[in-house]
1. Does segment A:209-249 hold any residues that are among the charged types (D, E, K, R) and more than 23 Å from A:PHE76 (Cα to Cα), and which are they?
2. Is it fair to say B:HIS10 is facing chain A (nearest Cβ under 7 Å) and of a type outside the set (Ser, Thr, Tyr)?
3. Looking at segment A:206-217, can you tell me whether even one residue there is within 17 Å of A:GLN61 (Cβ to Cβ), open to solvent by 20 Å² or more (accessible area, probe 1.4 Å) and assigned to a loop (DSSP other than H, G, I, E, B)?
4. When both residues are 6+ apart or on different chains and their Cβ atoms are under 7 Å apart, which pairs have a first residue that lies in segment A:34-56 and is at the interface with chain B (Cβ under 7 Å from one of its Cβ atoms), and a second that is among the acidic types (Asp, Glu) and part of a loop (DSSP other than H, G, I, E, B)?
5. Give segment B:95-140 a look and list any residue that's at positive phi and either in contact (Cβ under 8 Å) with a residue 60 or more places away in the chain or within 7 Å of chain A (Cβ to nearest Cβ) (or both), or say none.
6. Take the conditions in the same structural domain as B:VAL132 (by TED's automatic domain parsing) and either among the basic types (Lys, Arg) or buried (at least 24 other Cβ atoms within 10 Å of the Cβ) (or both) and apply them to B:ASP106. Does it pass?
7. Just give me the residues in segment B:125-171 being under 18 Å from the mean Cα position of the chain (by Cα), part of a loop (DSSP other than H, G, I, E, B) and buried (at least 24 other Cβ atoms within 10 Å of the Cβ), in sequence order.
8. Among the residues of segment B:12-35, which ones are part of a helix (DSSP H, G or I) and either open to solvent by less than 10 Å² (accessible area, probe 1.4 Å) or among the aliphatic types (A, V, I, L, M) (or both)?
2 protein chains.
Amino acid sequence: MADDRITLAHGAGGRLTQQLITDVFAPAFHNDVLAQLNDAALLSLQGQARLAFSTDAHVVQPLFFPGGDIGELAVFGTVNDLAMMGARPLWLAAAFVLEEGLPLNDLRHVVESMAAAAARAGVQLVAGDTKVVPRGQADGMYISVAGVGLVPEGVHVAAHAAQPGDVVLVNAPIAAHGMAVMLQREGLRMDADLESDAAPLYDVVAALLAAAPHTHTLRDATRGGLATVLVEIAQAAHVGVLVRETDIPVHPVAQEACALLGLDPMYVANEGVFVAFVPPEEAESALCALRAHPLGRQVRAIGEVMDAPAGQVVLETALGARRLLPMLSGNLLPRIC
Amino acid sequence: MADDRITLAHGAGGRLTQQLITDVFAPAFHNDVLAQLNDAALLSLQGQARLAFSTDAHVVQPLFFPGGDIGELAVFGTVNDLAMMGARPLWLAAAFVLEEGLPLNDLRHVVESMAAAAARAGVQLVAGDTKVVPRGQADGMYISVAGVGLVPEGVHVAAHAAQPGDVVLVNAPIAAHGMAVMLQREGLRMDADLESDAAPLYDVVAALLAAAPHTHTLRDATRGGLATVLVEIAQAAHVGVLVRETDIPVHPVAQEACALLGLDPMYVANEGVFVAFVPPEEAESALCALRAHPLGRQVRAIGEVMDAPAGQVVLETALGARRLLPMLSGNLLPRIC
């Protein structure tokens, strides 16, 4: 690596995060499951049940923001990683690092919102751990949530499975979560309200998979935004992905906030947005199923998978020009999840 | 709670940690699995396979100490929580919170030692996540590791299952880990070396369960020390536990360090020590099996389970006096795991 110290960008979910995984984690922990680089590990239990297993650390600042808080985010974050493998989330385990001096009522509030989020997502929180660190550390609290889910028979989605011809769907307008947290942290106000889009996605994924059972790939567009997850999929599947700028739904208030601050909504984190790569013959059925679900009402087909350029994403702009879309580089919005 | 803010003692694994669980976490997340308060959740998958699922956050300071580091500790901590349910650990997921400015070589060192620890424990690290927080937070790094294991058929150990008549065994001398970290952090030196006892315990547990298949309860004596886990078990099983001070093995250098600093080794954290509650007819066989294992060579029978006083631990001192042993109260040694 160019730099010999950890930078904030190493945690931003973009190019440097990928480099950290490739250079440090993958070589040390090398195994077939980890090498898949999916949102969750797919595990075979006694040659029968297929489990999905995942973990996410949450360090969002501020702890409470419009539309959610760190507790809800931590539950949905992990539940959604499981859902992106097509797995029904079942159980969660939460590890808290608390700052000495944290008001107990803040913890109560967060824990209650985790419980509500778990109930909404249909999962049980079955194990936990708590550590406390001295005042001035951990910014109130960090929460890591691990989850276990069960992949139904017949469901086979994976980042590397995307195929030329697949239609690329996105279930909802992008950029709401990152901009909602950003505006709250910086004390900025827009004319209209902007709330995080945090939501549990298994239910809408299940509706999609029922309508389009040969869906190849699912991924939620969290850190790094829509652009970064598209590049990740293009790289994993060795395909090209073409997306049309005019078809990409952007939350209108988030778009305004992005324009104001000079940010590209394609790189802003979401917590209720996912992409689905669906074979063309099932695309219409997938669109109908998603439109019928509250979390897919604004679904859009934004592009297609091509043979080339392998590992790259091409954006067709509003003016018809084509340019390559890189992964997030640097650190657009720190601490948004 | 008396205090309306989080204190370091809330994370020490003693009375206040228990109060936090009882008052804040348990009411919000109430479910049958969590209510068992075991080291790991026991889950039934499709009515067949029994999974164990657990998580632990690690915030130890310093990151590197004699006999181990935060990475090894994080792997063994979770592996041992699974082993204490009699479960064979299979898979781990690690969530890192890194401090901006952390030397990449420190991370490499920790990751390599996690990989070595995972190999030694026979588990695969299959999923992970990394966040970065600004300089001055997270003391280098925090690591949360979640784990999934499989409980073999016929194995039924639980905190509440301890029964009057059970013999209480402890596999190894206590107090080494906590004092090794403490001496390192405070820059103190003893005449002899003291190293953490961190070790993966499934193998020795499996040997014990083969020899004493009706073992009722297993628990590793981590935060809060031997005294605290004995009280936890007495409370969970509504039994009394009698232990004899003269039979409790204490690491000699750790004992010297405790004497110097005025600490009670019964409350010092261990990372390779567990208690086993074994029915009397299997006690001899259990002792033999443990003695034959490298991690049980110094096993001792330290006491018995009684009907009364329910929920309490009685210590018979060297002088023959009897006194109640409370849980850890306050914060003996902060940040030792």
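The values are calculated or read from the model by the stated rules, or taken from the named source; none is laboratory data. Bear in mind that the values here come from a model prediction, so they are computed numbers and not experimental data. Backbone-built Cβ (ideal geometry, glycine too); neighbour counts: all protein chains shown. Remember, those area values only see protein heavy atoms, side chains included, never the ligands or the DNA or RNA. Shrake-Rupley method; radii C 1.70, N 1.55, O 1.52, S 1.80 Å.
1. A:ARG244, A:GLU245, A:ASP247
2. yes
3. Looking through segment A:206-217, none of the residues is within 17 Å of A:GLN61 (Cβ to Cβ), open to solvent by 20 Å² or more (accessible area, probe 1.4 Å) and assigned to a loop (DSSP other than H, G, I, E, B).
4. A:SER54/A:ASP39
5. Once the filter is applied, which keeps residues that are at positive phi and either in contact (Cβ under 8 Å) with a residue 60 or more places away in the chain or within 7 Å of chain A (Cβ to nearest Cβ) (or both), segment B:95-140 yields B:GLY101, B:GLY122, B:ALA138, B:ASP139, B:GLY140.
6. When the stated conditions are applied, B:ASP106 does not pass them.
7. Across segment B:125-171, the qualifying residues are B:VAL157, B:ALA162, B:ASN171.
8. B:LEU16, B:LEU20, B:ILE21, B:VAL24, B:ALA26, B:ALA28, B:VAL33, B:LEU34, B:ALA35
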